[in-house]
Amino acid sequence: MTSEPDLQQFFRVAEDLLAEQGPNPDAFGRVGSLLRPLAADPKLVDPSRLAALHNSSAGFTILGHGNGGSTLMLGRFRSDAPTPVHNHNSWGVLCVIRGRDRHILWAREDDGSQPGRARLRQVESQELGTGEIAWFPDVPGDIHSQQGIGGDAWELVYFARDPTTRSRLYFDPDRERVEERAPV
Ligand SMILES: [Fe+2]
């Protein structure tokens, strides 16, 4: 997919920053500051661009890739139900374009030795408004769920690697189950 010129500048600066600093909270905060001006573009809020995400009412499209393989996604999260709890095989930094988002970070407590079983606990729940940023760490800390609050939440999400190219884990924390599935 081709990217618009301003996105190429973003990818260059963000990839250099991550290469220099590594995926740590300081670097994620700086990347979030780079996302904020991109998220101010009202043209991004366009439902016709979106495909279904997580087999749910959430929607997404990939906006572009950097030369190093990092990936920028546009996502819309409904308020009627949260996304499933899932991973991405990557860290991610997100910035809200419009609306409010409840972003929950989860941690896996079991060792993964029992097929189909997983025990999770919530480690953080944040409410994010327009222009606010958050991040989730790299594997294995990249487990999260999201939901719009009072309406749709639109977001930019920046990943180290394209989250649509590998199968991912979907968790059911109440039943302590996990399943590997195609990513969308
Ligand atoms: Fe996600």
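Values in this text are rule-based calculations from the coordinates and carry no lab data. The shown structure was predicted, so the numbers you read here are calculated from the model rather than taken from an experiment. Cβ coordinates were reconstructed from backbone atoms using ideal geometry, including for glycine residues, and neighbour counts include every protein chain displayed.
Worth pointing out:
- Unit charges on C-beta of K, R, D, E only; dipole of the range 52-132, Debye: 180 debye
- The residue among L72, I149, P25 whose Cα reaches farthest toward the positive pole of the charge dipole of the range 5-181, with charges on the beta-carbon of Lys, Arg, Asp and Glu, is I149.
- HN-Hα J in Hz across the range 128-137 - Karplus 6.51, -1.76, 1.60, θ = phi - 60°, x for Gly and Pro: 10, x, 3, x, 8, 10, 8, 8, 10, x
- Amide H partners (placed H, <5 Å) of A118, local residues excluded: R177, V178
- Approximate spin-label separation L50-D111, in nm, with each point projected 7 Å along Cα-to-Cβ: 4.2 nm
- Within the range 90-184: Cβ-based charge dipole about Cα centre, in debye rounded to nearest 20 (Lys, Arg +1; Asp, Glu -1): 160 debye
- Antiparallel bridges, percent of DSSP beta bridges restricted to the chain (to nearest 5): 100 percent
- Evaluated with a Cβ-only charge set (Lys, Arg +1; Asp, Glu -1), the range 5-181 carries a dipole of roughly 360 debye about its Cα centre, given to the nearest 20.
- Compared with the dominant principal axis of the Cα atoms in the chain, helix 25-39 is inclined by about 60°.
- Peptides 123-136, 20-33, 85-98 ranked from most to least packed, by the mean per-residue count of other Cβ atoms within 10 Å: 85-98, 123-136, 20-33.
- Share of pairwise Cα separations in the chain, more than 26 Å, in percent: 26 percent
- Across the range 161-168, coupling constants 3J(HN,Hα) worked out from phi with the 6.51/-1.76/1.60 Karplus curve, θ = phi - 60°, read 9, 5, x, 8, 9, 10, 5, 9 Hz, and Gly and Pro carry x.
- Three-way shape label, the range 68-112, alpha-carbon gyration tensor, a/c 1.5: oblate
- Helix 5-21 vs. the chain, principal-axis angle (Cα, 0 to 90°, nearest 10): 60 degrees
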